[in-house]
Amino acid sequence: MTGNSQEPVLRLGVIADIQYCDCETYGSRFYRSSLLKLEAAVTNLNAEKVQFTVNLGDLVDRDTPANLEAVIMRLNRLKNPVYNLTGNHDYEGIQDMQALYTQLGMPSSYYSFSQSGWRFVFLNTNDISSYTVIKDSPEEEELNAMMEKIKIFGHKNGASYNGGIGEKLIQWLRKELILAGSQNERVLIFSHHPLYAAPGLTALNDQEIVELITEYPQVKACISGHHHPGDFGEYKGVAFITTEGMVETENKNAFGVIEIYNDCIEFIGKGRSRSYTIKMGN
């Protein structure tokens, strides 16, 4: 429930880090419990009549070929479309990445679409990573350059479970933002890895991405997963939400509903997920 008396322009669901696997609990991660939580989230999002749902990646924790179908089957119970991103865990045991994207109904590893005056951009922050690049490829050179830069500046996000976006994807993102501006669209960006805040868990070239994004005032918010406790930050007028991971805790769920109004975005947290109000100018 929000304080806005108007009907939202759009209502969408957000799920992050389901991270299911048929394996024993580890610490605060209750892997088997994720299926029941996902079922409850789907029921709630259907009742909320969201126009679509965004899944921010890490559908499974490991052994993707064995565990993924159980998650997809439950996501398919959503009455309206689900738009998936992959997370770092989703590549475990995968030999054919394109087959993974096809299984998840993704047109590509990154993509966008427009609806109701908004452009929704889905970034693949696994694009350049230790778990996706091919040895001796140009992408491996990009990865090495990112890691060297992290080392030089003493940053903390150089872990093997983090990824970044390469030059080809940077150029695609810039074109998307220019196109959105030319069509008078506002922009929401989704990614698995956070782009800002969430220290140590951000994309490998987070600063490059953020500086690019904030050149374009039509970008109103970026929403990510990966950092299970969640986080929030603002930089140059753009809000960066990292939403909580579903896999954490035995019984407390975590997902959200986003209501987009003409003057604000309401992120309504469910279960452990926190809520945020993002005011928007023109």
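Points worth noting:
- Residues of the chain: accessible area per residue with a 1.4 Å probe, Å²: 44 Å²
- Calculated FRET value between A145 and A66, using beta carbons and R₀ = 51 Å, to 0.05: 0.90
- The chain - share of DSSP beta bridges that are antiparallel (%, nearest 5): 55 percent
- FRET efficiency estimate (nearest 0.05) - Cβ-Cβ, N46 to D263, R0 35 angstrom: 0.80
- With a Förster radius of 41 Å applied to the C-beta separation of E215 and R77, the computed FRET efficiency comes to 0.55.
- Protein accessible area in region 81-126, 1.4 Å probe - carbon and sulfur %: 48 percent
- Pair-distance distribution of region 174-240: all C-alpha pairs, bin width 10 Å, starting at 0; shares per bin in whole percent are 22, 55, 21, 3.
- All aspartates and glutamates inside 16 Å of K270 as judged from Cα atoms, apart from same-chain residues fewer than 8 positions distant: D17, E39, E48, D231, E244, E248, E250, E259
- Chain lengthening between T102 and T277 when straightened (0.36 nm per residue, less Cα-Cα): 59.6 nm
- In units of the compact-protein estimate 2.2 N^0.38 Å, region 1-132 shows a Cα radius of gyration of 1.11.
- Residues in region 211-238 that a label on I170 would reach, taking backbone N under 11 Å of a point 7 Å out along Cα→Cβ: 211-212
- Assigned charges on the beta-carbon of Lys, Arg, Asp, Glu; the chain dipole about Cα centre (debye): 840 debye
- Within region 157-222: Cβ-based charge dipole about Cα centre, in debye rounded to nearest 20 (Lys, Arg +1; Asp, Glu -1): 160 debye
- Pairwise centroid distance, computed over Cα atoms, of region 211-239 with region 257-282, Å: 13 Å
- Three principal axis lengths of region 105-195 [C-alpha, angstrom, descending]: 42, 29, 19
- Relative packing of 175-186, 63-74, 16-27, which averages over residues the other C-beta atoms within 10 Å, highest first: 16-27, 63-74, 175-186
The values are calculated or read from the model by the stated rules, or taken from the named source; none is laboratory data. Computed from a predicted model, the values in this text were never measured in an experiment. Note that we place each Cβ from the backbone using ideal geometry, even for glycine, and neighbour counts take in every protein chain shown. These accessible areas exclude ligands, DNA and RNA; they are computed on the full protein's heavy atoms, side chains included. Shrake-Rupley method; radii C 1.70, N 1.55, O 1.52, S 1.80 Å.
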